[in-house]
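Engineer: This structure is in structure tokens; I'll ask about it shortly.
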2 protein chains.
Amino acid sequence: MAAGRLLVRGGPLWAGPGAYWPQGAVAAEDGWITYAGPEDDAPPLEGAQVIEAGGGLIMPGLINAHCHGAMTLFRGLADDLPLDVWLNQHMFPAEARWVDEEMTRLCSLLAAAEMLLSGTTTVGDAYFCMQGAARAYEAAGMRAVLMQGLIDFPAPGAPEPAENIQVCRDFVEAWQGKSPLITPGVFAHSVYTCSPQTLEAAAELCNELSCPWHTHLAETSEEVGQTAELYQASPVAHLEELGLLARLDAAVHCVWLGPGEAELLARRGVAAVLCPESNAKLASGVADVTGLLAAGCAVGLGTDGPASNNDLNLLGEVSLRSRLAKLISGDPAALPAEAALDLALAGSAQALGLVGVVGRLQPGYACDLIVLDLDLPHLTPLYNPASHLVYAASGREVRQVVVQGRQLVKDREVLSFDVNEVMARVRELATKVRAG
Amino acid sequence: MAAGRLLVRGGPLWAGPGAYWPQGAVAAEDGWITYAGPEDDAPPLEGAQVIEAGGGLIMPGLINAHCHGAMTLFRGLADDLPLDVWLNQHMFPAEARWVDEEMTRLCSLLAAAEMLLSGTTTVGDAYFCMQGAARAYEAAGMRAVLMQGLIDFPAPGAPEPAENIQVCRDFVEAWQGKSPLITPGVFAHSVYTCSPQTLEAAAELCNELSCPWHTHLAETSEEVGQTAELYQASPVAHLEELGLLARLDAAVHCVWLGPGEAELLARRGVAAVLCPESNAKLASGVADVTGLLAAGCAVGLGTDGPASNNDLNLLGEVSLRSRLAKLISGDPAALPAEAALDLALAGSAQALGLVGVVGRLQPGYACDLIVLDLDLPHLTPLYNPASHLVYAASGREVRQVVVQGRQLVKDREVLSFDVNEVMARVRELATKVRAG
């Protein structure tokens, strides 16, 4: 994957909260960081590939802990609609008609391009027909935790709900150990679209195969109402009563938690993944991030799918999440810049089972890093890089991207695949989608 | 200013809500639009300067109805602090020490660069030492409504509060009719920092000189408490009781309005200017945009100053404002994309007294337009341009900028002044600011 030695130097280095050097460098061997610190103290690295930051900010690649990448095809197809109209009249019919493995391959490549160009190096992606998505992220060179969707309805690539769990097994078995940056897993859609039996089967499969298991949980007040009606329990309590909560790796959304449920998630080792832009656009609500953190819960960030966001730009999530934390607490000191940024680093790494691998630039971690251009009016002057990243940067300042020591973006151009061709082919497909 | 004929063509044209052509063109003579519509029907324009959109989206330039541009110098200097600590221990001392006419000229130039490069062609800027800001925006070629700050404390350029109103008069008289794109006016800081006498003097001066008058109003719950204590009235009621509300052109923030006050603002012809990013970052609250619009109030958008935002990117405000409207109403259909976008066009134009001049691309309007690159992964595919602008664009896609028929940005480069030199000089000044 990554051959030999790499040295990234020539710019300020923000390696994680509290770790900043105005002039830093990162060295790696065979994709793993061997040094991160002041440039002057960097070891000589004979024969290394050198990436010059050119005054740009060197920092860890961002980690998008939840998205549905292939839904790039449906970006902007239907907005500003009540949730049930959006889902039932637009998204579900479009998915039934257009989603297959070639679609997920092509449209996940578009997602990968967008994420790389906005600084995301690791993604947690959950959708249907995930064999296509896995081929896409492998080709792109991104680090990816890919979860095959599981739902008790006919779904793309799994027309028989009874065979859905087999589709998950096939996907995980096909990709486990196959590609060094790809981890396959299972995504149970939700407690209101998966029966207790389906959820139990998912947990069993993930135990058997030792693979990640995520689900949407407590996204809307409607979900809370439905779960109460079906199971006389909240979504979290329902999973706990089934004995499955402790097996879950990440609960996505966590907008509508009941009293004590943040603490319960923490005790059960479940990470919360928040998707603030999607939750706002769909008017689902705002998760209590400071409450989750205070309860000891790991909290990651995701973009959700581009049909409900409508982009895959993680710094936008960081910015919104920070502002919403201040707004709902009435405290401008709530969730300060470095803590907000760390949701998309250490928090997301924990949700994806990648603690100690990504989210920091320090020896022993994978060399997944980005370089952002600082020589721009909206980032001038520079007093505090974390402040700029959260309150002023747009996510489009990313200039260089490295994953596991391999340069994937050079001077804003994706090196690993032909983005123009992908865009052209998605546009062609979108013409058919629009025609209906 | 703008010599002769201009033709912009070769891309989709979004000329305002409901006015979209997949392949459009805009023609102008002497800075005023003579045609906007399908490219095929564009009149022949012999000898015209031609700007090729290259498939980019042609749309009206954005209008930032409220900022403190020169505060770019303090961008990121102090964040995540309680409001009183931020103001009293950081902002006020920094302003007292560093703000003079050369600072406002230099740092407003930086603001102009940032705004032009993110698609803002018209700005409402309120600060101290506005002669410097006026020289900056004139040099940049931006359209600007510039308001000299008025406050009952010693302020930069006006150490004697008793002479503050004279400083305002001097500024307005110096710039009225001087430069075709610059409109001078007065900005009374707030009802809690300006006595009734100061507010009356401001209104009288603006009546005498026929110039715009804005003020911060109902920004925080603390302001409401202070005004109640001082005057036994809400901020809006206080201005109404003084007989001054009808003279006010725009009330900035309007987060904490009482019952019926949106209707009162509408009846008195006062536009509300909302600054959602700043109001969130400082935890001030969320203005009720749908309530204001329903009351018949004109609603514009502003970025506020870069010390409390921390950027001057108006599309970011549009995006946040739209999402917050959906969140607080619980209705994903609230403030749909075109309506959100129009806050930064027709709404801001009304706040700045520029109705019929800017905010639309149609014959008779000034030729203030931007071209945004659409050939980007995060804007692919394209079903609906307004959706992309509000839910997916970052504001950094702007490629060409034209103000009154004059091209100010070409292929992302500012033509009217040397941005690199400005950035270098602001960095030098920031080094001194940091040293204290």
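Please treat every number below as a calculation from the coordinates, not as lab data. On a predicted model such as this, the values are computed, not experimentally measured, just so you know. Virtual Cβ from ideal backbone geometry, glycine too; neighbours counted across all protein chains shown.
Engineer: One decimal, nm, shortest first: give the distances between the label point of B:P259 and those of the same position in the other copies, each label point 7 Å from Cα along Cα→Cβ.
Structural biologist: Label point to label point, same position, other copies: 3.1 nm.
Engineer: Using the Kirkwood radius over C-alpha pairs as Rh, can you work out the diffusion coefficient of the range A:101-198 via Stokes-Einstein at 4 °C, viscosity 1.567 mPa s, in µm² per second?
Structural biologist: 96 µm²/s
Engineer: Can you give the net charge of the other residues whose Cβ lies under 11 Å from the Cβ of B:P332, counting K and R as +1 and D and E as -1?
Structural biologist: Result for the local shell: -1.
Engineer: Considering only the label points, 7 Å along Cα→Cβ from Cα, what distances in nm to one decimal separate A:E204 from the same position in each other copy, shortest first?
Structural biologist: So the label point of A:E204 gives 8.7 nm to the other copies.
Engineer: On to the next question. Connecting C-alpha atoms closer than 10 Å in a GNM of chain B, tell me which of B:G69, B:G177, B:G300 has the biggest fluctuation.
Structural biologist: Judging by the Gaussian network model, the answer is B:G177.
Engineer: Taking a ≥ b ≥ c as the square roots of the Cα gyration tensor eigenvalues, with a/c under 1.5 meaning rounded and otherwise prolate when a/b beats b/c, else oblate, which class fits the range A:32-110?
Structural biologist: prolate
Engineer: Oh, and also: To the nearest Å, what is the center-to-center distance of the range B:209-239 and the range A:80-102, using C-alpha atoms only?
Structural biologist: Between the Cα centres of the range B:209-239 and the range A:80-102 lies a distance of 48 Å.
Engineer: Report, largest value first, the span of the C-alpha coordinates of the range B:65-111 along each principal axis, in whole Å.
Structural biologist: So the extents along the principal axes, rounded to whole Å, are 29, 24, 17.
Engineer: Rounded to the nearest 5, what % of DSSP beta bridges with both residues in the protein assembly as shown are antiparallel?
Structural biologist: 45 percent
Engineer: What does the C-alpha gyration tensor say about the overall shape of the range A:62-351? Classify as rounded when a/c is under 1.5, otherwise prolate if a/b is larger than b/c, or oblate.
Structural biologist: Rounded.
Engineer: What ranking do B:R5, A:R75, A:R321, A:R9 get, fewest neighbouring Cβ atoms within 10 angstrom at the top?
Structural biologist: Lowest to highest Cβ neighbour count: B:R5, A:R9, A:R321, A:R75.
Engineer: Would you look at the GNM of chain A, springs on alpha carbons closer than 10 Å, and say which of A:G296, A:G243, A:G356 moves the most?
Structural biologist: A:G243
Engineer: Could you work out the Rg to Rh ratio of the range B:297-336, with Rh taken as the Kirkwood radius (inverse of the mean 1/r over all Cα pairs)?
Structural biologist: 1.04
Engineer: Name the most mobile residue of B:E208, B:E413, B:E263, meaning the one with the largest mean-square fluctuation, in a Gaussian network model of chain B with Cα contacts below 10 Å.
Structural biologist: Answer for the Gaussian network model of chain B: B:E208.
Engineer: Using the C-alpha atoms of the protein assembly as shown, what convex hull volume per residue, in cubic angstrom, is computed?
Structural biologist: Taking the convex hull of the Cα positions in the protein assembly as shown, it is 148 Å³ per residue.
Engineer: Something else about it: Would you mind checking the tilt of helix B:221-231 against the longest principal axis of the Cα atoms of chain B, expressed as 0 to 90 degrees and rounded to 10?
Structural biologist: That works out to roughly 50 degrees.
Engineer: In terms of the ratio Rg/(2.2 N^0.38 Å) built on C-alpha atoms, what value belongs to the range B:304-373?
Structural biologist: In units of the globular-protein estimate, the range B:304-373 measures up at 1.26.
Engineer: Continuing with this model, one more query. Per residue Cα convex hull volume for the range B:200-240, in cubic angstrom?
Structural biologist: 64 Å³
Engineer: What order do you get for B:S234, B:S210 when you list them from fewest to most C-beta neighbours inside 10 Å?
Structural biologist: B:S210, B:S234
Engineer: Just the Cα atoms of the range B:4-155: what Rg and Dmax do they give in Å?
Structural biologist: 20.1, 60
Engineer: How much of the DSSP beta bridge set in the range A:62-351 is antiparallel, as a percent to the nearest 5?
Structural biologist: 5 percent
Engineer: Can you spot the aspartates and glutamates whose alpha carbon is less than 15 Å from A:K410's alpha carbon? Ignore those fewer than 8 places along the same chain.
Structural biologist: Filter leaves A:E52, A:E114, A:D368, A:D373, A:E397, A:D418.
Engineer: Using only alpha-carbon positions, what ratio does the radius of gyration of the range A:149-263 give when scaled by 2.2 N^0.38 Å?
Structural biologist: Normalised Rg, Cα atoms only: 1.07.
Engineer: Additional query: Can you tell me the relative contact order of chain A? Whole percent, Cα pairs under 8 Å, sequence separation 6 or more.
Structural biologist: 20 percent
Engineer: Enter the Cα centre distance for the pair the range A:329-358 and the range B:344-374, rounded to the nearest angstrom.
Structural biologist: 40 Å
Engineer: Where does the charge balance sit around B:Q197 when Lys and Arg score +1, Asp and Glu -1, over other residues with C-beta under 13 Å from its C-beta?
Structural biologist: Computed value for this residue: -3.
Engineer: Exactly which trypsin sites (Lys or Arg not before Pro) in the range A:386-436 are in a DSSP loop and have at most 16 other Cβ atoms within 10 Å?
Structural biologist: A:R412
Engineer: Right, next: Between copies, how far does the label point of B:P363 sit from its twins, in nm, shortest first, when each point is 7 Å from Cα along Cα→Cβ?
Structural biologist: Listed shortest first, these distances are 7.4 nm.
Engineer: Still on this model: Based on DSSP H runs of at least 4 residues, each adding -39500 (n - 2.57), what is the mean residue ellipticity at 222 nm of chain A after dividing by all its residues, to the nearest 500 deg cm²/dmol?
Structural biologist: -10000 deg cm²/dmol
Engineer: Taking Cα centroids, how far is the range A:124-170 from the range A:243-321 in Å?
Structural biologist: The distance from the Cα centre of the range A:124-170 to that of the range A:243-321 comes to 22 Å.
Engineer: Tell me, B:E204, A:E229 in order of fewest to most beta-carbon neighbours within 10 Å?
Structural biologist: Fewest-to-most ranking of B:E204, A:E229: A:E229, B:E204.
Engineer: For the range A:271-346, I need the span (max minus min coordinate) of the C-alpha atoms along each principal axis, in Å, sorted largest to smallest.
Structural biologist: Ordered largest first, the range A:271-346 gives principal extents of 31, 25, 19 Å.
Engineer: Then there is this: Taking the alpha-carbon distance from A:K432 and a cut-off under 27 Å, which lysines remain once sequence neighbours fewer than 8 residues away in the same chain are dropped?
Structural biologist: A:K281
Engineer: To make sure I understand the rule: partners must be aspartates and glutamates, Cα under 16 Å from the Cα of B:K178, and not fewer than 8 residues away in the same chain. Which ones qualify?
Structural biologist: Partners within reach: B:E138, B:D170.
Engineer: Where Lys and Arg each count +1 and Asp and Glu each count -1, what net charge lies around B:E163 among other residues with Cβ under 14 Å from its Cβ?
Structural biologist: Result for the local shell: -2.
Engineer: How long are the semi-axes of the equivalent ellipsoid of the range A:299-436, taking √(5λ) for every eigenvalue λ of the Cα gyration tensor, in whole Å from largest down?
Structural biologist: Equivalent ellipsoid semi-axes, largest first: 27, 21, 17 Å.
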